[in-house]
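> Quick one: the structure is below, questions incoming.
The values are calculated or read from the model by the stated rules, or taken from the named source; none is laboratory data. In this text, all values refer to a predicted model and were calculated from it rather than measured experimentally. In this analysis, Cβ positions are derived from the backbone assuming ideal geometry, glycine residues included, and neighbour counts consider all displayed protein chains. In case anyone asks, the SASA skips ligands and DNA or RNA and just uses the protein heavy atoms, side chains included. Shrake-Rupley method; radii C 1.70, N 1.55, O 1.52, S 1.80 Å.
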Amino acid sequence: MAVILERLLFQSPSRARYALDLSFMSLNPRNVAPFLCRHFCSNPSLNDGVETVYRIISSSASSQNLKQLLKSSGVFLSNDLIDGVLKRVRFSHGNPLQALEFFKFTGKRKGFYHTPFSLDTMLYILGRNRKFELIWDVLYETKWKDQSLISPRTVQIVLGRIAKVCSVRQTVESFRKFKRLVPVFDTICFNALLRTLCQEKSMADARNVYHSLKHEFRPNLQTFNILLSGWKSSEEAEGFFEEMRQMGIKPDVVSYNSLIDVYCKNREVDKAYKVIKRMREEDMEPDVITYTSIIGGLGLVGQPDKARDVLKEMKEYGCYPDVAAFNAAIRNYCIAKRLGDAYNLMDEIVAKGLRPNATTYNLFFRVFSWSNDLQSSWTLYQRMIDAGCLPNTQSCMFLIKLFRRQEKVDMAMRLWNDMVEKGFGSYILVSDVLFDLLCDLGKLVEAEKCFLQMVEKGHKPSNVSFRRIKVLMELTNKYEAIHILSEKMAMFGTSSQISGSSESLENDSLSDSNSLITQL
């Protein structure tokens, strides 16, 4: 029984507790107490364990040192904890090689199997750091141990990172290598390739690859929906729509919505309405996404009021607008510089029992940023926080750049402190602008404080920001503070990486933030 529970603990502590409860009465009480003490009483909470292990990974000087610290930490390395640690490494841009050592070390334990989430996250971390050879090493090792972990999602994650820096030909070659790795190499994997090309390359590339491989993988409805969703040209979208019909594949709401979206973005709203009529003739009701595209299209042709009326017309067909539909209408008024009407719509969102999201506020922040309107931005930010809506990275960048432009240190520090306290936004992107502001104005105390807060949260300041702060500290003879900050930076990489003078600012952070939800 103890052996069974040990294996369950690797997979999930909650499952182990359940199994333990069921078998409690059948066990000898003398054996139960030590077992409970070993696995539950002395273990910290999952979040505490994740933080402990993450710090070990960040501070370890070598592979051997990492293993020794893990063994002596007393933290039980369950699947739940490993998932959390790798997720932490990913979002914090942690050391990929040390993360891989941790992944391998935990995977070598007898009877242990990684989760698909852990595998995919580890591959993403390696791919982001362009460690492509290591990716294939991990995949081949996984194949021999548990091939079922390699899924179409794995294919898309790996190809997504490869396509960012490699050619279409290399991406397709990498796709073919999965034939020996993935349990079932079929149309689902083909669709993962096409989705990657649509996201990372051009639609022309996706089209060419589709035509060259469509005889090897029979296209299905999802194949065409992926391709239709990426076209900006009405003619191209219509061509694929016709090919889908010729192959006997019946379009669904997603297919029609993609075609309507293309028409609306090309200001061909009349054609979009004809598609809606065709949908109804086929007993297929438009959904909220359909109407949201129509609202956006009407805004592009200069009819924001007619788009506003669509919100009311939707209800007649039993389709009620969501926040995204309201946002489309608000965007139209913001483009038309009719902020009063835009604010009225935001109030209506609340009156309908919905909640404006970060995108809603960003529509206004963008207008205020263009007009350099600091007071309106600050008032809106306070309203956003009071409403319990946390800003996203785009919100923070609109604000911090405006504070930087007008040299408002107090407002910038308020934003930063809210980020630290509430956990929103990208520390890496915001801190670069913030440190520029603080260093330009000689606010060394504030810069040092923000630097240490950032490191405490497990995020690496850019080398450019570090050097700026270091220069100011040298001018004020704060050599002890320089030593402390240098040690903090060394946790994220070697000293040569920190002291180099020709390194450029890492700019992968924004694109990485935008792709996290879609890929994992």
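> Using a basic spin-label model with each label point 7 Å from the Cα along Cα→Cβ, how many nm lie between Trp370 and Tyr343?
For Trp370 paired with Tyr343, the spin-label model returns 1.8 nm.
> Here's something else I'd like to know. Given Cα pairs under 8 Å that are at least 6 residues apart, what percent is the relative contact order of the stretch 430-487?
34 percent
> While we're looking at this one, here's another question. Given contacts defined as C-alpha pairs under 8 Å and at least six residues apart, what's the relative contact order of the stretch 340-454, whole-number percent?
With pairs under 8 Å counted, the relative contact order is 20 percent.
> At a 1.4 Å probe radius, carbon and sulfur cover how many percent of the accessible area of the chain?
52 percent
> How would you rank 432-443, 168-179, 303-314, highest first, on the average number of other Cβ atoms within 10 Å across their residues?
Going from most to least packed, we get 432-443, 303-314, 168-179.
> State the Kirkwood hydrodynamic radius of the stretch 371-425 in Å, one decimal place, computed from all pairs of distinct Cα atoms.
11.2 Å
> Right, here's the next one. Taking 22 Å as R0, compute the FRET efficiency from the Cβ-Cβ separation of Arg176 and Lys104 and round it to 0.05.
It comes out at approximately 0.25.
> Work out from phi, with θ = phi - 60° and the Karplus expression 6.51 cos²θ - 1.76 cosθ + 1.60, the ³J(HN,Hα) of each residue of the stretch 342-355, listed in order in whole Hz, and give x for Gly and Pro.
Rounded to whole hertz, the list is 5, 5, 4, 5, 5, 5, 5, 4, 5, 5, 7, x, 9, 10.
> Expressed in nm to one decimal, what extension gain is obtained for the pair Trp136 and Asp322 from 0.36 nm per residue of sequence separation less their Cα-Cα distance?
Net length gain for the segment: 62.7 nm.
> List the pairs from Lys274/Lys312; Lys337/Lys422; Lys67/Lys449; Lys108/Lys177 whose alpha-carbon separation is above 29 Å, in the order I gave them.
Lys337/Lys422; Lys67/Lys449
> Right, something else. For the stretch 46-150, state the semi-axes of the equivalent ellipsoid (square roots of 5 times the eigenvalues of the alpha-carbon gyration tensor), sorted largest first and rounded to whole angstrom.
Each semi-axis is √(5λ); the values are 20, 16, 13 Å.
> Which order do the peptides 414-425, 323-334 come out in when sorted by mean C-beta neighbours inside 10 angstrom, highest first?
323-334, 414-425
> Further, regarding this structure: What list of ³J(HN,Hα) couplings, whole Hz, do you get for the stretch 451-462 from phi and the Karplus terms 6.51, -1.76, 1.60, once you set θ to phi - 60° and write x for glycine and proline?
These are the phi-based 3J(HN,Hα) values: 4, 5, 4, 5, 5, 4, 7, x, 10, 8, x, 5 Hz.
> Considering only the other residues whose Cβ falls under 14 Å of the Cβ of Tyr381, what net charge follows from Lys and Arg at +1 and Asp and Glu at -1?
+2
> Follow-up question, since we're still on this one. Modelling each spin label as a point 7 Å along the Cα-to-Cβ direction, I'd like the Ser45/Ile385 distance in nm, to one decimal.
2.4 nm
> Report the gain in length on full extension from Gln246 to Ala204: 0.36 nm times residue separation, minus Cα-Cα distance, nm rounded to one decimal.
Full extension from Gln246 to Ala204 adds 13.0 nm.
> Cα centroid distance between the stretch 298-329 and the stretch 335-399, in Å?
So the two Cα centres are separated by 19 Å.
> P(r) tail for the chain, what percent of Cα pairs lie past 44 Å?
The share of Cα pairs beyond 44 Å in the chain comes to 29 percent.
> Classify the stretch 165-218 from the C-alpha gyration tensor, please: rounded if a/c falls under 1.5, else prolate or oblate depending on whether a/b exceeds b/c.
Because a/c hits 1.5 or more and a/b fails to exceed b/c, the stretch 165-218 counts as oblate.
> With a probe of 1.4 Å, find how much accessible area the stretch 430-487 has per residue, and write the answer as a whole number in Å².
For the stretch 430-487, the solvent-accessible area averages 45 Å² per residue.
> Output the pairs from Lys110/Lys179; Lys277/Lys315; Lys277/Lys306; Lys214/Lys250 with a Cα-Cα distance over 22 Å in this structure; if there are none, say none.
Flagged as over cut-off: Lys110/Lys179.
> Something else now. Any idea what the relative contact order of the stretch 46-150 is, in percent, if you count C-alpha pairs under 8 Å spaced at least 6 apart?
25 percent
> While we're looking at this one, here's another question. What FRET efficiency would be calculated for the residue pair Glu421, Glu235, taking the C-beta separation as r and a Förster radius of 45 Å, to the nearest 0.05?
Efficiency computed from Cβ-Cβ geometry: 0.30.
> Taking only the alpha carbons of the stretch 430-487, what extent do you get along each of the three principal axes, in Å, biggest first?
The Cα atoms of the stretch 430-487 stretch 27, 24, 17 Å along their principal axes.
> Using the Karplus curve 6.51 cos²θ - 1.76 cosθ + 1.60 with θ = phi - 60°, what ³J(HN,Hα) values do you get for each residue of the stretch 326-335, in whole Hz, with x for Gly and Pro?
With the stated coefficients, the stretch 326-335 comes to 4, 4, 4, 5, 5, 4, 4, 5, 5, 5 Hz.
> May I ask for the distance between the Cα centers of the stretch 247-274 and the stretch 101-136, given as a whole number of Å?
Each part's Cα centre sits 41 Å from the other's.
> Now for a separate question. Kindly rank 144-153, 110-119 from highest to lowest mean number of other beta carbons found within 10 Å of each residue.
Ranking the peptides 144-153, 110-119 by packing returns 110-119, 144-153.
> Could you calculate the FRET efficiency of Val350 with Leu97 from 1/(1 + (r/R0)^6), where r is the beta carbon distance between them and R0 is 30 Å, rounded to 0.05?
0.05
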